[in-house]
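Note sheet for the following structure.
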Amino acid sequence: MAIVGGGPSGLFLALLLSEAGIAVTILEKSSRAHVLSRIRAGVLEWGTVELLRRAGLGERMDREGTVHSGVGLGFSNGLFRVDFAANGSRHVMVYGQGEVTKDLYEAADRRGITIIDEAHDVAIHDPCGSPCVTFSKDGERHQMACDAVAGCDGFHGVSRQTIPTEKRTEFEKVYPFGWLGVLSPTPPVSEELIYANHPRGFALASMRNAHLSRYYVQVSACEKVADWPDDAFWDELRRRLPSEAAQSLVTGPSIEKSIAPLRSFVCEPMRYGQLFLVGDAAHIVPPTGAKGLNLAFSDVHYLSQALEEALCNGRQNGLERYSQRALARVWKAIRFSWWLTQLMHRFPDQTAFDQRLQESELSTIGNSLAAQAAFAEGYTGYPL
Ligand code: APR
Ligand code: PHB
């Protein structure tokens with residue numbers, strides 16, 4: 001099995017396949033340090049928590065992560081809490097994606113999984129016949145025949161591009177704004193996350209632990225990090241958070257500051273011959289619903305089961321159903337993430353009427369247990 005990409009998808013898939021006795025090799029174009037340096041969302045759906053625990057990969061997550069049973073939604077009428085348990089849903093685990101990736105790398109090292117870092121010019125050949133991958137390492141070209149290839153190389157990788165354009169359909173929605181994110185060594189403004197709709201734009205108060213906060217404000221698509229010195233960021237965040245949160249905001253120096261664009265994207269199908277797309281290689285969600293890593297792991301769950309059936313027991317039906325099975329859950333998460341994005345953000349062409357509609361929908365959720373149950377199901381994760 002050749003796995004292109006050593007991010008969360010590739011690492012988790014390699015670990016599950018290796019446990020099933022399938023020989024895997026990961027080809028990662030960057031250094032491990034670079035992969036581990038990426039700052040990403042920090043909310044794990046409960047299904048993801050259970051997958052990691054079942055794979056024996058959840059020990060530090062359970063020790064250092066924080067279980068959350070609700071989330072705050074703020075808007076002009078104040079702030080209300082959606083209680084996941086009261087609405088028939090499970091919890092989420094707040095645990096940085098960088099920590100998950102670090103745990104996966106350490107497990108891969110312990111289990112002797114072959115990870116070739118700084119593998120350049122990876123190419124996937126003859127996926128519908130006799131698959132093989134070629135790559136360069138330390139100036140030498142290598143070729144590796146394999147039974148199948150997992151494209152875990154993210155949105156900008158090579159695997160999706162290996163599928164002929166006439167064989168794939170791409171669906172995309174680009175949002176006319178981005179998220180300016182700040183990581184600060186300060187206590188979080190609240191024990192749970194707060195998503196805030198404000199006429200000036202969206203804001204999110206999140207955290208990594210009791211001493212490390214992660215905040216975001218919506219910015220226009222053309223803004224640059226240099227446009228936002230720390231003081232300007234804190235002032236804007238304070239204006240957009242619900243007043244009781246804004247009053248208790250502890251500011252401090254930003255130790256990371258970046259702007260992420262927002263898009264929804266899906267490639268269909270997620271299979272071409274013996275090439276299988278996984279995670280961001282196949283789909284992208286706006287970070288509003290914190291679905292990126294969670295969707296990647298449900299793809300890994302489905303594909304690892306199917307590959308074990310095929311490579312260990314000779315049964316192909318799991319692989320034949322992989323794309324359809326994965327896409328069914330992908331589109332549910334794509335829809336939830338789109339819905340929450342259009343509910344919480346201010347769009348450039350938005351009118352006062354549109355703002356009232358957003359506030360009315362938020363008020364409806366705040367006063368309806370049925371609406372809260374639907375929100376909680378989408379946020380904590382649809383069934384695998
Ligand atoms: N050859 C080899 N490796 C590649 C190539 C290539 N041509 N192109 C990209 N890669 C590597 C990247 O360096 C990265 O480490 O593939 C990896 C892809 O990792 P991610 O982009 O993290 O995607 P994925 O593993 O699917 O994880 C999805 O993590 O990045 C977040 O927002 C994402 O939450 C989502 C989750
Ligand atoms: C984060 O903590 O980085 C985070 C949390 C929730 C989101 C997005 C990002 O929806």
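What follows is calculated from the coordinates using simple rules that are stated; it is not laboratory data. Just so it is clear, the model here is predicted, and its values are computed rather than measured. A quick note on method: Cβ atoms are made from the backbone with ideal geometry, for glycine too, and the neighbour counts reach across all protein chains shown.
Observations on the structure shown:
- The residues neighbouring Asn294, those whose beta-carbon lies less than 13 Å from its own, together hold a net charge of +1 under the Lys/Arg +1, Asp/Glu -1 convention.
- Counting every other Cβ atom within 10 Å of each residue's Cβ, Leu277, Leu327, Leu11 order from fewest to most as Leu327, Leu11, Leu277.
- One decimal place: the segment Ser363-Val67 gains 103.9 nm when fully extended, by the rule 0.36 nm per residue minus the C-alpha distance.
- Bridge type composition, the chain - antiparallel percent by DSSP, nearest 5: 80
- Taken over the chain, the alpha-carbon convex hull comes to 142 cubic angstrom per residue.
- Under 15 Å, Cβ to Cβ, from Arg346 - net charge with Lys/Arg +1 and Asp/Glu -1: -2
- Within straight-line cross-link reach of Lys102, aspartates and glutamates at Cα separation under 14 Å, skipping those fewer than 8 residues along the same chain: Glu59, Glu64
- Segment 271-384: relative contact order in percent, alpha carbon pairs under 8 Å with at least 6 residues between: 25
- Distance between the pseudo-spin-label points of Glu140 and Asn317 (7 Å out from Cα toward the beta carbon): 4.5 nm.
- Full extension of the chain segment joining Asp83 with Ser130 gains 11.8 nm, where the gain is 0.36 nm per residue of separation less the Cα-Cα distance.
- Taken over segment 264-334, the convex hull of the Cα atoms encloses 65 Å³ per residue.
- Average Cα contact separation per residue, segment 47-92, under 8 Å, 6 or more apart, as relative contact order %: 28
- Within the shell of other residues whose beta carbon sits under 11 angstrom from the beta carbon of Arg53, the net charge comes to -2, with Lys and Arg scored +1 and Asp and Glu -1.
- Here segment 288-344 and segment 11-34 have alpha carbon centers that stand 18 Å from each other.
- The chain: calculated mean residue ellipticity at 222 nm from DSSP helix runs of at least 4, using -39500 (n - 2.57): -11500 deg cm²/dmol
- Length-normalised contact order for the chain - Cα pairs under 8 Å, 6+ apart - percent: 21
- Beta bridge orientation in segment 1-137: antiparallel %, DSSP, nearest 5: 75
- Charging the Cβ of each Asp and Glu at -1 and of each Lys and Arg at +1, and nothing else, the dipole of the chain about its Cα centre rounds to 420 debye.
- Debye, to nearest 20: dipole size of segment 56-118, +1 on Lys, Arg Cβ, -1 on Asp, Glu Cβ: 320
- Listing Ile3, Ile365, Ile26 from fewest to most neighbouring C-beta atoms within 10 Å gives Ile365, Ile26, Ile3.
- When the Cα convex hull of segment 121-212 is projected onto planes of every orientation, the mean area is 11.1 nm².
- Segment 69-117 and segment 160-202: distance between their alpha carbon centers, rounded to Å: 15
- Within a Gaussian network of the chain (alpha carbon springs, distance under 10 Å), most fluctuating of Ala281, Ala245, Ala226: Ala226
- Proxy reagent accessibility, fewest Cβ within 10 Å first, across Met1, Met207, Met144, Met270: Met144, Met1, Met207, Met270
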